[in-house]
Each structure stands twice: as C-alpha cells, then as structure tokens.
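See structure below.
No value in this document is a laboratory result; all are computed from the given coordinates. These figures come from a predicted structure and were not determined experimentally. Counting neighbours? That spans all protein chains shown, and the Cβs are built from the backbone with ideal geometry, glycine included.
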Amino acid sequence: MFAVIKTGGKQYSVSAGDIITVMALDGAPGDKVSFDEVLMIGGDSPKIGAPTVEGASVAGEIVEQTRSEKSIAFKKRRRQNSKRKRGHRQDLTLVKILSI
C-alpha cells in the first residue's frame, strides 16, 4: 500500500518504512508528525481524492533536522566589472513514514 501526500508545496509518493526528505518541519528528532493532505491511497482498491481523501492521514516520525548542499547563485555582467555571488542552504527534515 502506498499514498501520495502533499507537504511544503510538493507531492511525495510514500509507503510504510520509507524515509523522505521534506521542507523544514517544526519539531525535534523523535517527534511524531501527521500528514493530513493525502491526495491518493493506492493498493488493491485505490482511492483518489478530490482534492484530498476524506479521513485519511499518514503518520511519520522526524529522524533528523538537516540542511541541503550549498547552491551557488552567481551573476556576472560581461565587460561591466560587475558580479555577485550568493550561497544558499535550504533547511530540510528527514521523516520516516510509520503508517498510512
């Protein structure tokens, strides 16, 4: 059985035991989280929500609060002696899916 959930503006296909990386969630490692925006539940008898499946939720546990690799935004205007370099690291959360 699997489910499609929505969190942080993105959609994730998950099943029990998966570890997914999502945008930063509040909480410490070991805290329980619940995803209530379930768009679809798949398996023997799939259920598709319009837009979400009524009464469905996915339970998970926060494994780690981390940050992504650094991404560099470099802008240069040729022959102008003008350049700008910025770095960014996004806050992320590792979540282990417990049940659907």
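Restricting attention to the chain, the count of lysine pairs at 8 or more positions apart or across chains with alpha carbons under 26 Å apart stands at 17. Placing dummy labels 7 Å off each Cα toward the beta-carbon, the span from Lys10 to Asp44 is 3.3 nm. Here's the picture: charge each Lys and Arg Cβ at +1 and each Asp and Glu Cβ at -1 in the chain, and of Leu25, Met1, Thr66 the one pushed furthest to the positive end of that dipole is Thr66.
Identify which of the listed values of Rg and Dmax of the Cα atoms in Å was calculated from the structure shown: (i) 23.8, 83; (ii) 15.4, 53; (iii) 18.5, 63. Checking each listed value against the structure points to (iii).
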